[in-house]
Amino acid sequence: MLRPILVAALLAATAPSLARAQDGRLAVGANIGTPGLGAELQYKLNDHFVVRGGGDWMNFDHDHTYSGVDYSAKLKTGTAGAFVDWHPGGGGFFLSGG
């Protein structure tokens, strides 16, 4: 049961953004990290402003018995955010608030 956790940890360390699709003004992304699996959606208003939102979720539940002693571990996380990015020069540099 520990193997899926190790695989997830390796993916989180090596691939912060698993997928990103962009079509003109709209972009959709997926990621994996310490808060869990996540998704992000962003919309380009113009050359200087982008609005985006996303969230991350994880649910971990493990029960095991060692030497007659029962152990139980549960972890549930969830985050959500909404942001406005200002690109003052219209390029890759931006300031974000949210």
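The values are calculated or read from the model by the stated rules, or taken from the named source; none is laboratory data. Bear in mind that the values here come from a model prediction, so they are computed numbers and not experimental data. Cβ atoms come from the backbone with ideal geometry, glycine included; neighbour counts cover every protein chain shown. Ligands, DNA and RNA are excluded from the accessible area calculation, which covers all protein heavy atoms including side chains. Shrake-Rupley method; radii C 1.70, N 1.55, O 1.52, S 1.80 Å.
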Query raised in the report: Restricting the search to the stretch 83-95, which residues are in a strand (DSSP E or B) and either exposed (fewer than 12 other Cβ atoms within 10 Å of the Cβ) or touching a Cys at 6+ places or on another chain (Cβ under 6 Å) (or both)?
Result: LEU95
**Report entry** Matching residues in the stretch 65-77 - criterion: being surrounded by 10 or more Cβ atoms within 10 Å (Cβ to Cβ) and either in contact (Cβ under 8 Å) with a residue 40 or more places away in the chain or farther than 26 Å from ILE32 by Cβ (or both)
**Finding:** THR77
Query - Residues that are open to solvent by 40 Å² or more (accessible area, probe 1.4 Å), assigned to a strand (DSSP E or B) and within 30 Å of PRO88 (Cβ to Cβ), drawn from the stretch 41-64 - result: LEU41, GLN42, TYR43, LYS44, PHE49, VAL51, ARG52
Requested in this report: Report, by residue number, each residue of the stretch 10-35 that is of a type in the set (A, V, I, L, M, F, W, C) and at pLDDT below 60.
Outcome: LEU10, LEU11, ALA12, ALA13, ALA15, LEU18, ALA19, ALA21
Query raised in the report: Does GLY38 fit the bill of being surrounded by fewer than 13 Cβ atoms within 10 Å (Cβ to Cβ) and modelled with pLDDT under 95?
Result: no
